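Everything below concerns the one structure shown next.
The values are calculated or read from the model by the stated rules, or taken from the named source; none is laboratory data. Only a predicted model underlies this, so the values are computations on that prediction, with no experimental measurement involved. Positions of Cβ are backbone-derived with ideal geometry, glycine not excepted, and every protein chain shown enters the neighbour counts.
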Amino acid sequence: MALKIQGKVMVDAPRDQVWNLLFDADVLKHMANKIPGITVQRLVQVSDDKYEGAASIGVAMIKGKYDGTITVLEKRAPEWVRFRGDGKSGANWTGGEMVLTLTEQDGKTSMAYEGTGNVGGTLASVGQRLIDTVGKHFVQHGTKALAAELAARSRKQ
Amino acid sequence: MFPAKFEYYAPTTVNQAVALLKKHRDAKVLAGGHSLLPTMKLRLAQPPVLVDIGKVKGLAGIKVAKGGATIGALTTHATIAASKDLRKQCPAITEAAALIGDMQVRNRGTIGGSLSHADPAADYPAVMIALGAEMKAVGPKGARTINASHFFKSLMTTALKPSEVLTEVRLPPHQPNSGCAYVKFPNPASRFAVAGVCAWIALDAKGRCAKASIGITGACATATRASKTEAALRGKELNEETIAAAAAQAADGLDCLSDIHASAEYRAHLVTVLTARAIQQAVARAK
Amino acid sequence: MAQLKLTVNGVIYEADIDPRLLLVHYLRDTLGLTGTNVGCDTSQCGACTVLVDGLAVKSCTMLALQASGSKITTIEGLKQDGVYHPLQQAFWDNHGLQCGYCTSGMIMTAVDFLKHNPHPTEAEIRHAIEGNICRCTGYHNIVKAIKAAATQMADNRPLQRPQGQV
Amino acid sequence: MATQIIGSTVKRREDPRLITGAGKYTDNIVLPRMTFMAILRSPHAHARIKKIDASRAQKHPGVLAVYTGEDLKKGGVNPIPVGFVLPDMKTAQHHPLAIDEVHYVGDGMAAVVATDRYTAKDALDLIDVEYETLPVVVDGEKATHAGAPQLHPEAPDNVAYYWKVGAGDADKALTEADGVIKQRIINQRLIPTAMEPRVAIADYQPATGDLTLYTTTQNPHLIRLLMALVLGQPEHKLRVVSQDVGGGFGSKIYLYADEVIACFAAKQLARPVKWTEERTENYKATIHGRDHITDAEVGYKKDGTITALKVKTWANQGAYLSNFAPLIPTFFYGPMLQGVYQISNFFVEVWGTYTNTTPVDAYRGAGRPEAAYLIERAVDWVAFELKMDPAEVRRKNMIPPFTSAPYQTSMVYAYDSGNYPATLEKALKNAGYADLRKKQAELRKQGKYMGIGISTYVEITGAAPAQVAASIGAGVALVESALVRVHPTGKVVVYTGSHAHGQGHETTFAQIVADQLGLSVDDVEIVHGDTERTPWGAGTYGSRSQPVGGAAVYVATQRVIEKGKKFATHMLEAAEADVVFEGGKYFVKGTPSKAITFQEVALEAYTAKKVPADVESGLEAISFFNPSNFTFPNGAHIAVVMVDPDTGKVDLTRYICVDDVGKVINPMIVEGQIHGGIVQGLAQALWEGAVYDDDGQLLSGSMMDYALPIASNLPSFETSRTETPSPVNPLGAKGAGEAGTIGSTPAVANAVMDALKPFGVRHIDMPLTSEKVWRAMQKK
């Protein structure tokens, strides 16, 4: 079931710093772990534009262990990146593409995101009524966590 | 149809159950099983350990007294629906119980299981919020009480800690000149609430609304309160127009969910319709 | 493995079972009581309905272990002394079944229902069997059969349900 | 002479076992050393399979084998064939387990065989598959658009076939019409949901080479034939047994991949292999029904006369062509768009298309509901535009009564017999139509919206005249057979090729024999569902069991009577021409007091005490009945609904119908068929609908999201009949299995639209969910 994802978060850090941190596997890992329901076991960069990992993802008792990849499809430093994520867990899979647009605003960065997420397998065929909600949950928490993580790291630099 | 493997424990006391939950961090509590087992059969949930509290003594039953009603966590929906004492004091909860799933589900499913699972489309949460119910939870550090307003955190997530067991639901005592009602729009397939609204209304001496408390379920990721409608009713003469005007605000600010049965917009609309209907019934009962 | 002890149709059984075994699989596969059918995975269809301590439940949504210590009645245990239960008879008399797959569950649900509502209206009957899906009959003759059985049973033997249960 | 058992209500002989839990459903069968199979199904709607690694599954304790598509291919298993072939049809290879590519969510990729079901299921989770996902198309029309994802190289633009039929000059008639209505109309995809999921148990004996398949099928003989072709198993070494079947509604006609895999595995392992479908699996792996997108143009005159119908239909056939799929949206749809009306100008075009969805085939009604829905909606559109009463528009266009000679329609078929006006008028009278309209007007004034919907349908059943069927593409002769065997004591066993799954053949077929032979129904046993015991039968579907299978029983019984006459002639010491058979007795014309009983004759047939050597012993006869035409059941259905203007919720308050299914063997059973049919049809109008997302994920994948009808949403029904016997079979029967379904969908849809008339709504597509109805009411 396809989800439309769209929104904007402010990151309390300058755009160049945000851009550089955005591709750091460790940042991504920390960000993901802040999302309720996600525990990342492993996340490593395997090439310039590809990351691989494993995570436990779910809400309450509905949980799965996912193996996945994140691939950077296109980027235009320091303002625009399109990437795709894919994960699979037994009879379920998730996938999606997202575009991030970074704009500098008074030393801070406005990060606009837009994309679609997809869920397939048992989750889609029996859990459709929850997918929209779960998707929103992850995106809302995920983008907030990313902004916080980026800001925190940026301050350390 | 075939759950994955798990370890199974059947404690006979709450303390044993809590100890097991403390020991097995990924354990799930099994009560009637009508939320958990369907998910396990589809292997969407694969808890490694189940703590079946079905054999724990003293967790089932309804007590209605002057100070309010208590409902044990293992009390089935059927028992709640059939309780005459409860109906007299608080018809909304018996109404909600009678509309859950179907007869067989009501015979096995428990109030504690349903509340702990916190399905966004479950019926009870709206009632709990509207009535200001309290949940008693027992954990390794003893018992504590959680008000319904703070109990439903987010999608299928409650204020219960992993090692806590919900043991009892407490409903406040019946107030004179008050009435409550639960109204539901069921999903034609699953019978879950596409939207469900519980209204509790207290009247003042002049028959105006002294206080209104309205809980909404099914519409959002978690059960919530129709604060604007509550405020709009307070102090008002209750007639068709004032009720309609207040109910029209019931979905304001809600982030309604959308699925193949109902769009967010339609859900929001249903919330307003059901709110008006629930208020009307509650007022009729308060008089 | 875990210990199970229960009574099914008046016979006591003890077994050491895998905890994940569902009650319906225990009844069908272990005891060979294949009158109880499986029609869905999601607790909607009611084909697997049996009585657990007198209450109609969906045996696909219950671990066999949860029934430990209980008395189970399946469709096979309904006929007494060679005489059909009035509901069985009424389903036959009123053509309340076609393929028969939902019938066991439908009858078991009705057994529980009529215990506490011996004089049901049509609407009450229709509400009572919401958890039992029949794809053949359009429910028309099922409703008729339950009504007929209710009339027959009310004449013969009033049954009282335990307090506080629906 | 008949003893009037035909036409009487006889309680079903099937029921004692079914009400006591002693039914013999396939899943109840336990064989020694039986193993259990589970199928790994694709979670992707379209993907290339890069790798299947089953090594972890194979090592899992209790797992006996894991098979993939390649294993089956190497083992000589052929693709599953299509049994109905249209000219220029592009048939995609349908391997029982996918090879290289998967084409829908649910496509099988691997099979695990283990010592128990739980273990088989556990092992599925241990198979690692690497996919490369491919673009997906789920919409039957969009699949033909330029740039759409392509499913099969054999079928460019995803078109499996293009088919057309017509009469007169539709374009000219549309130009000359007073008015033309153009409307896109969707007949949504349905999931059959027989309550018993499918089950297959294969049992192979290596010493003899005998393979037995116990399976949940509506037609064991057809399965044996197809399985022999797919598996390369000699037909005489293959036995297909189907005992009690928990409903089919068309979904259990076809040879399914799972049955093939079970047979293959049983041969490989030399152990019985059982596969039991789960419901969520059933929703993906068992065929779906309907799924038409149609652009219609209706031409009409000011007086309500309908002059032309032009139709373009995209029939979504799913990822592969199922066994009979191409028949349904063509010959069972196009010509039936004429309905019960005198319309002379038609042009119907159909594109059967491949999409990344579960294959679609015949589901209760199969083609005729789609046709009836379209023409019955069209009549109401005309009524809407002309502000006429829909009953009046029907009267205006209706074919007059024809009871002595067939009515040649504009396209292809000749209707066998019918009195459509009588059926409509009876229904209107039973409904109290005039009063309903008055009440509707009063309620509208109070802001309450009542709707009254009519449908007057005709359908085609009783397939089929074998030569006609062959000429239009059928792969097998749709004849039915019966062997009537009389034992020395006069007890009878009938071996029928038809096979019931809820229709009560054990009762009605026995009624035919008992009636003719003057026996009690209890003296007649019906054997069905086993290819080793019964002669050929094409199966139970398309409401054909009485008009074809029942007719075979009747003819064979007549042959028994004739054969009996030879013995009776000698026993009565009379001339054969003078011997008559009446009321179960043979006697010389005019002297019934000196009669001999059928039982005495039966005994003589096996003792030969009186007959000379040239009279062959034994008393049995077989018939392969080939009807001279199809049959055309018809009826008038009226639905009354209330629509809640606040929520859009539709409540069905009354349902009145009058059906003409020809002569009836057992009124109780026919009525039951009508009840069930009505609900399946109206459920399409109000609730049911398969929903796919753009990725090809089936979102209505369980009973939690696929809204089946439940008792509390329905009223009891007011059924009634008219009877114009069919001249094409000796029983005069037309078939009753699908009538209700075909009549009810448009009746209820028309009722909802009638309720919405004050809101200016002419058409909304099914299912008429609360939200859709509510939205339609907001537009004014």
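The table for this structure:
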{"item": "Checklist (1) more than 30 Å from residue D:214 (Cβ to Cβ); (2) assigned to a helix (DSSP H, G or I) applied to residue D:590, failing item", "result": "(2)"}
{"item": "All positions within the range B:71-123 that are under 23 Å from residue C:113 (Cα atoms) and outside any helix (DSSP H, G or I)", "result": "B:74, B:75, B:76, B:83, B:99, B:100, B:101, B:102, B:109, B:110, B:123"}
{"item": "Within the range C:85-105, considering residues that are under 17 Å from residue C:27 (Cβ atoms) and in contact (Cβ under 8 Å) with a residue 60 or more places away in the chain, the one farthest from the other protein chains (Cβ to nearest Cβ)", "result": "C:105"}
{"item": "Residue among B:102, B:123 that alone is within 10 Å of another protein chain (Cβ to nearest Cβ), over 17 Å from residue B:172 (Cα atoms) and at pLDDT 95 or above", "result": "B:102"}
{"item": "Checking residue C:152 against (1) within 7 Å of another protein chain (Cβ to nearest Cβ); (2) farther than 30 Å from residue C:5 by Cα, the condition it does not meet", "result": "(1)"}
{"item": "Residue count, the range B:243-267 (criterion: in contact with a Cys (Cβ under 8 Å, 6 or more places away or on another chain) and away from chain A (no Cβ under 14 Å))", "result": "0"}
{"item": "Filtered residues of the range D:667-713 (kept if among the acidic types (Asp, Glu), under 20 Å from the mean Cα position of the chain (by Cα) and under 25 Å from residue C:38 (Cα atoms))", "result": "D:688"}
{"item": "Count of residues meeting criterion [of a type outside the set (D, E, K, R), surrounded by fewer than 20 Cβ atoms within 10 Å (Cβ to Cβ) and more than 11 Å from chain C (Cβ to nearest Cβ)] in the range B:53-72", "result": "5"}
{"item": "Among the residues listed as B:213, B:258, B:263, B:227, the single one being at pLDDT below 95 and either within 24 Å of residue B:177 (Cβ to Cβ) or not assigned by TED's automatic domain parsing to the domain that holds residue B:125 (or both)", "result": "B:258"}
{"item": "Total residues in the range C:111-133, condition over 13 Å from residue D:711 (Cα atoms) and part of a helix (DSSP H, G or I)", "result": "6"}
{"item": "Qualifying residue in the range D:287-304 (condition: in contact with a Pro (Cβ under 8 Å, 6 or more places away or on another chain) and under 30 Å from residue C:25 (Cβ atoms))", "result": "yes"}
{"item": "So residue B:32, is it touching a residue at least 12 places away in the same chain (Cβ under 8 Å), outside any helix (DSSP H, G or I) and surrounded by fewer than 21 Cβ atoms within 10 Å (Cβ to Cβ)", "result": "no"}
{"item": "Some residue of the range B:170-192 being modelled with pLDDT of 95 or more, in contact with a Phe, Trp or Tyr (Cβ under 6 Å, 6 or more places away or on another chain), under 26 Å from residue B:65 (Cβ atoms) and among the polar types (S, T, N, Q)", "result": "no"}
{"item": "Flag if residue D:124 is closer than 18 Å to residue D:258 by Cα and away from chain A (no Cβ under 14 Å)", "result": "no"}
{"item": "Any hit, the range D:711-720, residues being without any contact (Cβ under 8 Å) to a residue 60 or more places away in the chain, buried (at least 24 other Cβ atoms within 10 Å of the Cβ) and within 14 Å of chain A (Cβ to nearest Cβ)", "result": "no"}
{"item": "Residue list for the range D:704-752, restricted to those being assigned to a loop (DSSP other than H, G, I, E, B), within 29 Å of residue B:192 (Cα to Cα) and of a type in the set (A, V, I, L, M, F, W, C)", "result": "D:704, D:707, D:708, D:710, D:714, D:717"}
{"item": "Residue in the range D:639-659 that is within 14 Å of chain A (Cβ to nearest Cβ) and not charged (D, E, K, R) present", "result": "no"}
{"item": "Matching residues, the range D:441-496, being small (Gly, Ala, Ser), part of a loop (DSSP other than H, G, I, E, B) and modelled with pLDDT of 95 or more", "result": "D:447, D:490"}
{"item": "Count of residues meeting criterion [part of a loop (DSSP other than H, G, I, E, B), within 13 Å of chain D (Cβ to nearest Cβ) and free of Cβ contacts under 8 Å to residues at least 60 places away in the same chain] in the range C:41-84", "result": "8"}
{"item": "Filter result for residue D:749 (more than 14 Å from chain C (Cβ to nearest Cβ) and surrounded by 24 or more Cβ atoms within 10 Å (Cβ to Cβ))", "result": "yes"}
{"item": "Candidates D:23, D:7 - the one that is within 30 Å of residue D:661 (Cβ to Cβ), buried (at least 20 other Cβ atoms within 10 Å of the Cβ) and not hydrophobic (A, V, I, L, M, F, W, C)", "result": "D:23"}
{"item": "Residues within the range C:14-34 that are more than 10 Å from chain B (Cβ to nearest Cβ) and either over 13 Å from residue C:66 (Cα atoms) or at pLDDT below 95 (or both), tallied", "result": "11"}
{"item": "All positions within the range A:83-104 that are facing chain D (nearest Cβ under 10 Å) and within 20 Å of residue A:126 (Cα to Cα)", "result": "A:88, A:89, A:90, A:91, A:92, A:93, A:95"}
{"item": "Residues of the range D:499-528 satisfying the condition of being within 25 Å of residue D:676 (Cβ to Cβ), in a helix (DSSP H, G or I) and of a type outside the set (D, E, K, R)", "result": "D:505, D:507, D:508, D:509, D:510, D:511, D:512, D:521"}
{"item": "Leading residue by the ranking (farthest from the other protein chains (Cβ to nearest Cβ)) among those in the range C:134-149 that are in a loop (DSSP other than H, G, I, E, B) and in contact with a Phe, Trp or Tyr (Cβ under 9 Å, 6 or more places away or on another chain)", "result": "C:134"}
{"item": "Residue within the range C:111-133 that is under 16 Å from residue D:15 (Cβ atoms), within 14 Å of the chain's Cα centre (by Cα) and either within 14 Å of chain B (Cβ to nearest Cβ) or modelled with pLDDT of 95 or more (or both) present", "result": "no"}
{"item": "Output for the range B:1-29, where each listed residue is within 10 Å of chain C (Cβ to nearest Cβ), over 18 Å from residue D:122 (Cβ atoms) and part of a loop (DSSP other than H, G, I, E, B)", "result": "B:10"}
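Yes/no per residue for (1) away from chain C (no Cβ under 14 Å); (2) more than 28 Å from residue D:521 (Cα to Cα); (3) touching a residue at least 60 places away in the same chain (Cβ under 8 Å); (4) of a type in the set (Val, Ile, Thr):
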site	(1), (2), (3), (4)
D:461	yes, no, yes, yes
D:469	yes, yes, no, no
D:472	yes, yes, yes, yes
D:482	yes, no, yes, no
D:485	yes, no, yes, no
D:488	yes, no, yes, no
D:495	yes, no, no, no
D:501	no, no, yes, no
D:504	no, no, yes, no
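Quick grid of which residues meet (1) small (Gly, Ala, Ser); (2) within 30 Å of the chain's Cα centre (by Cα); (3) not assigned by TED's automatic domain parsing to the domain that holds residue D:274:
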| site | (1), (2), (3) |
| --- | --- |
| D:126 | no, no, no |
| D:153 | no, no, yes |
| D:164 | no, yes, yes |
| D:170 | yes, no, yes |
